[in-house]
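Just so you know, all these numbers are worked out from the coordinates, no wet-lab data involved. Worth saying up front: this structure is predicted, and the values here are computed from it rather than measured. Here Cβ is always computed from backbone atoms with ideal geometry, including for glycine, and neighbour counts include all displayed protein chains.
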Amino acid sequence: MLTIRLQRTGRKHEPTFRVVLTESKNGPKSGKYLENLGWYDTRLQNKAEQVDADRLRYWISKGAGVSLTLHNFLVSTKIIEGKKKNALPKKTFTKKEEVKAPEPVPTEVPSSEPVPASEPITNDKVVA
C-alpha cells in the first residue's frame, strides 16, 4: 500500500521534512520513495505552496494513505477537507487494585480474672 508521509532531513536539532510517496513497508529512514511531493519545516509558518497539491490529490484518489501529522497539515492549509485527527498516542492507564489496609490482629491481654468455660471439654468420641 502506498503512503504519503514525512521523511526527516536536515541537521541535528534543525528538523526539516520531505513530503514523500512511499511503500508503507519502507521504513521512514530508509530513504526510498517513489515521488517527492514537497517539504515541511516545523520551525516556519508552513504554506500550501510547499506541497504539490495536484499530485497529492491524485495519489489520495488512487488510494494512497496519509500519515496523521501530514493529514493535519493538509487540513490546516485547506489542501484537503476534513477534521484534524489526534496524532498523539493514546494513554493507557493501569488499573490499580484497591489496597485494603490489613485488619488489626486482636491481641490477647492476660487478665487476672478467670475466663468462664462455655462448655466442658470431653474426650467422648461418637462412632457411627
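The Cβ shell under 14 Å around Asp41 holds other residues with a net charge of +3, Lys and Arg each +1, Asp and Glu each -1. Are any of the pairs Lys25/Lys62; Lys47/Lys78; Lys47/Lys83; Lys12/Lys85; Lys47/Lys84 more than 21 Å apart by Cα-Cα distance, and if so, which? From the list (Lys25/Lys62; Lys47/Lys78; Lys47/Lys83; Lys12/Lys85; Lys47/Lys84), the Cα-Cα distance tops 21 Å for Lys12/Lys85. Summary value for the stretch 2-76: 31 percent relative contact order, contacts being C-alpha pairs under 8 angstrom separated by 6+ residues.
With N counted as the residues of the stretch 14-75, its alpha-carbon radius of gyration over 2.2 N^0.38 Å works out to 1.09. Positive contributions from Lys and Arg (+1) and negative ones from Asp and Glu (-1), summed over other residues with Cβ under 12 Å from the Cβ of Ser61, come out at +2. Neighbours of Arg8, meaning other residues whose beta-carbon lies under 12 angstrom from its beta-carbon, give a summed charge of +3 when Lys and Arg score +1 and Asp and Glu score -1.
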